[in-house]
1. Can you tell me which residues in the range 261-277 are surrounded by fewer than 17 Cβ atoms within 10 Å (Cβ to Cβ) and more than 19 Å from residue 243 (Cα to Cα)?
2. Restricted to the range 73-92, and to residues that are under 15 Å from residue 131 (Cβ atoms) and of a type in the set (D, E, K, R), which residue is nearest to the ligand (Cβ to nearest atom)?
3. Filter the range 313-366 for residues that are in a loop (DSSP other than H, G, I, E, B) and modelled with pLDDT of 90 or more and give the result.
4. List every residue pair whose Cβ atoms lie under 7 Å apart, where the two residues are 6 or more positions apart in sequence or sit on different chains, the first residue falls within the range 47-64 and is among the small types (Gly, Ala, Ser), and the second residue, located anywhere, is open to solvent by less than 20 Å² (accessible area, probe 1.4 Å) and near the ligand (Cβ under 9 Å from one of its atoms).
5. For the range 169-177, check the following and say yes or no: at least one residue is modelled with pLDDT of 95 or more, open to solvent by less than 30 Å² (accessible area, probe 1.4 Å) and in a loop (DSSP other than H, G, I, E, B).
6. For the subset of the range 73-93 comprising residues that are in a helix (DSSP H, G or I) and over 17 Å from the mean Cα position of the chain (by Cα), which member is modelled with the highest pLDDT?
7. Can you tell me which residues in the range 98-113 are surrounded by fewer than 22 Cβ atoms within 10 Å (Cβ to Cβ) and not hydroxyl-bearing (Ser, Thr, Tyr)?
8. From 261, 275, which residue is at pLDDT 95 or above and of a type in the set (A, V, I, L, M, F, W, C)?
Amino acid sequence: MTFKDLGIIEPILKALKAEGYTNPTPIQEQSIPILLRGTDLLGCAQTGTGKTAAFSIPIIQQLVLDREADKGQRKIRTLVVTPTRELAIQIGENFTSYSRFTGIKNTVIFGGIKQGRQTDALKKGVDVLIATPGRLLDLMNQGFISLNDVKYAVLDEADQMLDMGFIHDIKKIIAKLPSNRQSLFFSATMPPAIAELSKKILGDFERVTIKPQQATAEKVEQGIYFVSKKNKSQLLIHLLEKDPTDSVLVFSRTKHGANKIVKQLAKADIKADAIHGNKSQNARQKALGEFKDGDLKVLIATDIAARGIDVEELSLVINYDLPNVPETYVHRIGRTGRASASGVALSFCDVEERPYLKDIQKLINQQVPVIKDHPFEDDASEAVPLEEKRQPQNRQKQRTGQSKYRGGRNSYRNRNRSRNNRSQKE
Ligand code: AMP
């Protein structure tokens, strides 16, 4: 399948070629025909799947064709609402790239900076407006923006909007949209509040669901530590002290948990920061900037806050908690090993998390090697055998995996063992 097969017009094909896109990704292959037919779309997909191009290409195409019929003044005909300034900028850059041979213009607005430049751009006229909710409402209230001509409305990362407390702003924005429009709604997860919101926006819609690439899991060296809940922070401190130079992304299932980890690390003199939905955009931006620059070695993140993170040299991901949605595990560990292709993902698993581990192993079709002999080993680990232990073909995989740790770059197993030996002698 090619973009041409999907009916994409020549000026966009030219831009895609210049971007080096040879074939559409699965979400693009599925969504573009639906959107070109004018049907509303509910997309369950995360960043990294090619989601932005999946919606921006057909929107640009329709804007070009509409414009040929209506040669009037430039008006905001497309609105994209997205939760963070980083995502807004990224989406704006994509629109600019794909529309560069079409004459379609876009602008990006977000909070935290003065509005002057943004309102100047709006006054000159744009076809596509990409906005974060707060600044959008603010400029609407000041009379700089009218949504009366919007024909294409995109709500991006809806679950993150909810997490960041934007739900009321979103409802206000939706209320101002004309009813005769095509709507696109994207969310990686569909909790009840999000399903409810999607009903408010979408008319008759088609649904496209894209799971994160499973292949990623195979590229990353993985290991699991059986550890009781109360010992997790000690194990984390132990691992970080052993390997102080790496950039480490630690995943916590909850915002409260992320804050707690930062405090516990601080007690051990390990500098860390957390990013999650309860932190201000500025605080998150600052932590992320320091992490990317290498000034902050340890970043604790919740799954939703980690979405926009694209750090080239991330050598270690630690799952402090195992996610209860197995796809999330694949997404988390896919954060490492991108540039260096030698990432390591280590997970802590307490007794209550054993069922999550089973689900994860089923999804990735792989036994995650157990790292034993660490000072905080949960004695109960042998008492609850993993289902996979009964499968001889997997046992082989487990052994192979463990041997990687013995000789591997990070040699966690070796370090743990020597530490353990030391503590036994002491
Ligand atoms: P997104 O999920 O929109 O954040 O896109 C993830 C990355 O994939 C971005 O860097 C895009 O530029 C890139 N991308 C999107 N579509 C394609 C494609 N068809 N071929 C190659 N790369 C793509």
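1. 263
2. Residues of the range 73-92 that are under 15 Å from residue 131 (Cβ atoms), as a first pass: 76-92.
Within this subset, residues satisfying the condition of being of a type in the set (D, E, K, R) are 77, 85-86.
Numbers: 77: 21, 85: 15, 86: 11 Å.
Restricting to residues being under 15 Å from residue 131 (Cβ atoms) and of a type in the set (D, E, K, R), the top hit is 86.
3. As a first pass, look at the range 313-366 and keep what is in a loop (DSSP other than H, G, I, E, B): 313-315, 320-325, 334-343, 350, 365-366.
Matches in the range 313-366: 320, 321, 322, 323, 350.
4. Taking only residues 6 or more apart or on different chains, the pairs are 50/27; 50/28; 53/28; 54/27; 54/28.
5. For the range 169-177, residues modelled with pLDDT of 95 or more, open to solvent by less than 30 Å² (accessible area, probe 1.4 Å) and in a loop (DSSP other than H, G, I, E, B): present.
6. The initial filter retains those residues of the range 73-93 that are in a helix (DSSP H, G or I), namely 85-93.
Now drop any that are not over 17 Å from the mean Cα position of the chain (by Cα), which leaves 92-93.
On the way: 92: 96, 93: 93.
Restricting to residues being in a helix (DSSP H, G or I) and over 17 Å from the mean Cα position of the chain (by Cα), the top hit is 92.
7. Matches in the range 98-113: 100, 101, 103, 105, 111, 112, 113.
8. Working: 275 fails: at pLDDT 95 or above.
Being at pLDDT 95 or above and of a type in the set (A, V, I, L, M, F, W, C) holds for just one of 261, 275, which is 261.
The values are calculated or read from the model by the stated rules, or taken from the named source; none is laboratory data. All figures in this text were calculated on a predicted structure; none of them were measured in a lab. In this analysis, Cβ positions are derived from the backbone assuming ideal geometry, glycine residues included, and neighbour counts consider all displayed protein chains. Surface areas here come from the heavy atoms of the whole protein model, side chains and all, with no ligands, DNA or RNA. Shrake-Rupley method; radii C 1.70, N 1.55, O 1.52, S 1.80 Å.
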